[in-house]
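Asks: Have a look at this one.
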Amino acid sequence: MKMSNIPFGTTDWSEVERTEHAGDTGMAYWRTRQFGDLRVRMVEYTAGYLADHWCSKGHILFCLEGELHTELEDGRRFVLTPGMSYQVADQAEPHRSSTATGAKLFIVD
């Protein structure tokens, strides 16, 4: 990833519009900033959230609060707790997220 043409700036995430994204169960709330091809998000999953799709997009994801369960299409499973992250490339390993208790994440993709 090459980051270019992004002037220095700060983000007050509480001022970024929140959008709703339904999962198979539960909701995801995104606050999104776009910098050219780079998308940066603060995402909150409600308790009981299960993604409605297998995602093939690459991400760098950092868990701020709660507990996030990530399942890879090949059956492997991972749990992130606050202070943990994962990274995956575009089109590398389809994955989907869920959480029993809710989670807050910072995601760059």
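The values are calculated or read from the model by the stated rules, or taken from the named source; none is laboratory data. If you're wondering where the values come from, they're calculated on a predicted model, not measured in any experiment. Glycine also receives a Cβ, built like all others from the backbone with ideal geometry; neighbour counts cover every protein chain displayed. Heads up: the accessible areas ignore ligands, DNA and RNA and are worked out on the full protein's heavy atoms, side chains in. Shrake-Rupley method; radii C 1.70, N 1.55, O 1.52, S 1.80 Å.
Asks: Whole number in Å², please: accessible area per residue of region 40-108, 1.4 Å probe, ligands, DNA and RNA not counted.
Replies: With the other protein chains kept in place, region 40-108 gives 52 Å² per residue.
Asks: Accessible area of the chain with a 1.4 Å probe: how many percent of it is carbon plus sulfur?
Replies: Carbon and sulfur atoms account for 51 percent of the accessible area of the chain.
Asks: Could you tally the net charge around TRP54, taking each other residue with its Cβ under 12 Å from the Cβ of TRP54, Lys/Arg +1 and Asp/Glu -1?
Replies: -4
Asks: Here's something else I'd like to know. Pull out a ≥ b ≥ c, the square roots of the eigenvalues of the alpha-carbon gyration tensor of region 63-109, then state rounded if a/c is under 1.5, prolate if not and a/b is larger than b/c, and oblate in the remaining case.
Replies: Note, shape of region 63-109 comes out oblate.
Asks: Which three extents, in whole angstrom, do the alpha-carbon atoms of the chain cover along their principal axes, largest first?
Replies: Principal axes ranked by extent give 40, 29, 25 Å for the Cα atoms.
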